[in-house]
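First up is the structure itself, then whatever we jot down about it.
The values are calculated or read from the model by the stated rules, or taken from the named source; none is laboratory data. Since we're looking at a predicted model, the values are computed, not measured. Every residue, glycine as well, gets a Cβ built from its backbone with ideal geometry; the counts of neighbours run over all protein chains shown. For accessibility, only protein heavy atoms count, side chains too; no ligands or nucleic acids. Shrake-Rupley method; radii C 1.70, N 1.55, O 1.52, S 1.80 Å.
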Amino acid sequence: MTMKRFGRRLLALAACLPVLAGMATGTASAAPTGTTVGQSAVSWTGPLSTRGRYIVDANGDRFKLKAANWAGAQGTWEGSGNVDDPANNQAGQVSHNIPLGLDRVPMARLLADYHGLGLNSIRLPFANAMIHDTAPVPDSAVAANPQLKGRTPLQVYDAVVAALTADGFAVILNNHTTSYRFCCGLDGNERWNSGQSTQAWEDDWLFMVNRYQANKRVVGADLRNEVRRDTWDDPNWGLGDAHDEYAAFEEAGNRILQADPDMLVIMEGINWYGIPAAPFSHGRPTLTPVRNLSNTLIDSGKLVYSAHFYAYTGPANTGAGSGPGATNDPRYEDFTPEQLGQVVDDQALFVTQAGQHFTAPVWISEFGAGGRGSTDTKEQAWLHTFTDLLAARDTDFAIWPLVGWADTTGRPLDTWALLSYDPAGKRLGLSDPGDWRATDWNKLVDAPALTGPVAQPNHWNMLDLDHGDQNASRRMLARPDWNSGNRKGTCPDGQRLVALGRGDSRGLCTDAGEPATGSGDWVTVTDERYVTEGDWASGYNKLQCPDHTVAVGYSVHSDAMSALLCAPAAGPLPATGRNVWFDHGDNRPTSGGSVTSDWAPGHYKGQCADDEYLAGVAYTWRWLHYGAPDALLCRPLG
């Protein structure tokens, strides 16, 4: 969550077991007694995947995430004083580290209210601490759900997941925090490896994925909330160090998919870098680094990117109103509708552009505003504009937060919540009179959207050997090192190598027009023994795949070519082709896959056409070329 106010002080960054019996399967099933099965329960089948910019269900039909964040299991304690004192918890709400509301409202009533909002999915935050917490929650924390008495926070989370999915909701697990401390700034939860090692974080994810693997309505792993600067260090995207979010998220995502190939892997970009003060570089990159360095997973149809937007923050504004962390940078609420649309596109929604190396769905997994009683006209205008934008772009969304407390008079303690419940369980919700957000919410939920079958698109995925191997092939991950001592890139199974960068060790894979893979051995080529149709690059060293095989991987030593990995096609392939030289400039098709996006900025690129396969690479050590690739041998697929 982004340094949300909720009537509390803003924290500034600058202050520098098995699943429960009865869980739903992927298909619609009878709900437990007392639950209300909404339309969502009978209209989709899990698991979910992606096709281009869209999320689809198991039948290939569009599944637009219309979601909300059911917070609480990430913790509400604000970091000082007695953890059970409401004064020390966010908005005076003591969650006891379980989803809010279970002390006041029976589960079935909560879910019925969620259906009433038009939701089909729930983002369910948790803290790593929850996984290891063996103490039962107080009976008072589940007073309205006595069947949960005596359970640990994780066991309560289990019950919530089971109830949600049985009632037809898709559930996205969200690793929100390391500890139970709320939130945000410098709170010890800044990165995935804040307060824990990257290995421990990945192991916790595997624990969660394995725990819910049988439940195909647990559809996604939202890897980490709002990665940001800690006291001393910034996160980065691609530097190869312990703060490299790109590398950590890709490694975790692939480990998750090896454990459960059905999960969506959801990656939020960098939420903040730098010291927010005028003399220093600072900002909110969001997904902008993806434009030149996108993630490639072992399953191309499982990656979703996400981003958060709040009116009072901005592209370079922390949201602080005054004091440390406050700057004069514009906030999102300061932009005109046209400017806001451009900024949101530039920071996030550009990823939905078809046919690029970064193409994926973008889920706006947090946004929101204070509701009834609010007098913030700029925030209100921003929400009007922002929901217009999401509706017009047909964007998946999740509002923050879903549930909050009300006091004994019915006054919401957290005016941002869509649903507030007093101690007796009486609801004051978005649909009740007096909440100005209702019009915007209904507009968003009911907006025209693509429905029905989504065609399977071609994929383009980049390989990045800047700091080490990138092996995106399940087949090769299960086999010994195919070119020991060199950095290797291997395309996802079903894709072939189609392009290389010169001097930066990056490559591009695709499945466009992909020939069926044959059953023979994959071959590592380190010399010219397969150059059998004449010398197509006289005076140059050449690596060439055997006839009727296609390049699916490459290796480098420093930035010099070392080997090609070649996979057999199911049938004959043409042996004639053309040379694509790129030693003095880019040589890419004028149209086709990923030609309007730069996956190797600052370096020349050579790329075969979409209807060709890469059969060979030429390079030389002369003229200070240092073995970097100079030309590709591109041959037609048919």
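Residues in region 380-398 that are open to solvent by 10 Å² or more (accessible area, probe 1.4 Å) and of a type in the set (Asp, Glu): Asp388, Asp394. Here region 55-99 is the region considered, the condition is being in a loop (DSSP other than H, G, I, E, B), aliphatic (A, V, I, L, M) and open to solvent by 10 Å² or more (accessible area, probe 1.4 Å), and the residue that is farthest from Arg427 (Cα to Cα) is Ala58.
Does region 8-29 include one or more residues that are at pLDDT 95 or above and open to solvent by 40 Å² or more (accessible area, probe 1.4 Å)?
Scanning region 8-29 turns up no residue that is at pLDDT 95 or above and open to solvent by 40 Å² or more (accessible area, probe 1.4 Å).
Report, by residue number, each residue of region 498-528 that is among the polar types (S, T, N, Q) and buried (at least 24 other Cβ atoms within 10 Å of the Cβ). Step through it out loud before you land on a result.
Here is the first cut: in region 498-528, the residues among the polar types (S, T, N, Q) are 505, 510, 517, 519, 524, 526.
Hits for region 498-528 are Ser505, Thr510.
Per the conditions (1) closer than 23 Å to Ala87 by Cβ; (2) out of contact with any helix residue (DSSP H, G or I) (no Cβ under 8 Å at 6 or more places or on another chain), the sole criterion not satisfied by Thr451 is (1). If the condition is being in contact with a Gly (Cβ under 7 Å, 6 or more places away or on another chain) and part of a loop (DSSP other than H, G, I, E, B), then region 311-341 contributes Tyr312, Thr313, Pro315, Ala316, Thr318, Asp329, Pro330, Arg331. Selection within region 342-379: residues that are of a type in the set (S, T, N, Q) and either at pLDDT below 95 or not in a loop (DSSP other than H, G, I, E, B) (or both). The member of this set that is surrounded by the fewest Cβ atoms within 10 Å (Cβ to Cβ) is Thr375.
Can you find a residue in region 555-569 that is of a type in the set (Asp, Glu), modelled with pLDDT of 95 or more and open to solvent by 50 Å² or more (accessible area, probe 1.4 Å)? Within region 555-569, none of the residues are of a type in the set (Asp, Glu), modelled with pLDDT of 95 or more and open to solvent by 50 Å² or more (accessible area, probe 1.4 Å).
One residue stands out among those in region 274-322 that are surrounded by fewer than 21 Cβ atoms within 10 Å (Cβ to Cβ) and of a type in the set (Ser, Thr, Tyr): the one that is nearest to Asp233 (Cα to Cα), which is Ser281.
Residue-wise test of (1) touching a His at 6+ places or on another chain (Cβ under 8 Å); (2) open to solvent by 70 Å² or more (accessible area, probe 1.4 Å); (3) of a type in the set (Lys, Arg).
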residue: Asn442; (1), (2), (3): no, yes, no
residue: Pro448; (1), (2), (3): no, yes, no
residue: Ala455; (1), (2), (3): no, yes, no
residue: Leu463; (1), (2), (3): no, no, no
residue: His467; (1), (2), (3): no, yes, no
residue: Arg479; (1), (2), (3): no, yes, yes
residue: Gly485; (1), (2), (3): yes, no, no
residue: Lys488; (1), (2), (3): no, no, yes
residue: Arg496; (1), (2), (3): no, no, yes
